[in-house]
Amino acid sequence: MPEELICITCPLGCRLSVERLPAGGLSVSGNRCTRGARYAEEELLAPKRVVTATCRALPADRCRVPVRTAAPFPKDRVEELIRVLYSLEVRLPVKRGDVLVPDALGTGIPVIATRTLD
Ligand code: SF4
């Protein structure tokens, strides 16, 4: 039974039908371009998401610093990353785009601030 996916790579939103091949790999149909096949493969074999969270601000404990990963992050490790980010303390001031974690959980993906706080 094929799996159905909507490609979110561009606004056309093609409806993809994906079958897992017995020899491994995937057969993708319904995509209008090759990016749709790449999207389906990544989504089914190694899904990733941009992770957003907030971190404790120091010394001002009254606010939190909004952060996100600078690139999509492996979905199966998102909970682990969220735990790290919620326990992280960020000393103010911080500027939007500052790298707060250079290599999140050894993935090579940085976590950056998304807001400037004095
Ligand atoms: S398959 Fe190509 S044309 Fe269709 S939504 Fe994805 S990127 Fe857009």
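Values quoted throughout were computed directly from the atomic coordinates according to the rules given, and no laboratory measurement underlies them. Predicted model only: the values in this text are computed from it and were never measured. All Cβ positions, glycine included, derive from the backbone under ideal geometry; neighbour counts span all protein chains shown.
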Discussion item. Just to check I understand the Karplus step: with θ = phi - 60° and J = 6.51 cos²θ - 1.76 cosθ + 1.60, what whole-Hz values come out for the range 87-103, glycine and proline as x?
Written reply: 9, 6, 10, 10, 7, 7, x, 9, 10, 3, x, 4, 7, 9, 9, x, 9
Discussion item. Rounding to the nearest 10 and keeping the result within 0 to 90°, find how far the Cα-based axis of helix 34-45 lies from the longest principal axis of the chain.
Written reply: 70 degrees
Worksheet item: Which loop trypsin sites (Lys or Arg not before Pro) in the range 26-118, with loop taken from DSSP, have no more than 13 other Cβ atoms within 10 angstrom of their Cβ?
Response: 32, 62, 95, 96
Worksheet item: Of 58, 100, how do they rank once you tally other Cβ atoms within 10 Å and put the fewest first?
Response: 58, 100
Worksheet item: By how many nm would the segment from residue 56 to residue 77 grow when fully extended, if each residue of separation counts as 0.36 nm and the alpha-carbon distance is taken off?
Response: 5.5 nm
Worksheet item: What's the center-to-center distance, using Cα atoms, between the range 1-34 and the range 62-105 in Å?
Response: 32 Å
Worksheet item: With point charges of +1 on the Cβ of Lys and Arg and -1 on the Cβ of Asp and Glu, referenced to the Cα centre of the range 31-118, which listed residue (71, 31, 82) lies farthest in the positive direction of the dipole?
Response: 31
Worksheet item: If amide H atoms are built 1.01 Å from N in the plane of the peptide, which residues on other chains or at least 5 residues away come under 5 Å of the amide H of residue 60?
Response: 92
Worksheet entry | Sites residue 17 and residue 49, calculated FRET efficiency, Cβ-Cβ separation with R0 25 Å, nearest 0.05 | 0.65
Worksheet item: With a ≥ b ≥ c the root eigenvalues of the C-alpha gyration tensor of the chain, is it rounded (a/c under 1.5), prolate (a/b larger than b/c) or oblate?
Response: prolate
Item to complete: Using the Cα centre as the reference, give the magnitude of the dipole from point charges on the C-beta atoms of the chain (Lys, Arg: +1; Asp, Glu: -1; all else neutral), rounded to the nearest 20 debye.
Response: 420 debye
Worksheet entry | Distance in nm between pseudo-label sites at residue 107 and residue 6 (7 Å out along the Cβ direction from Cα) | 2.4 nm
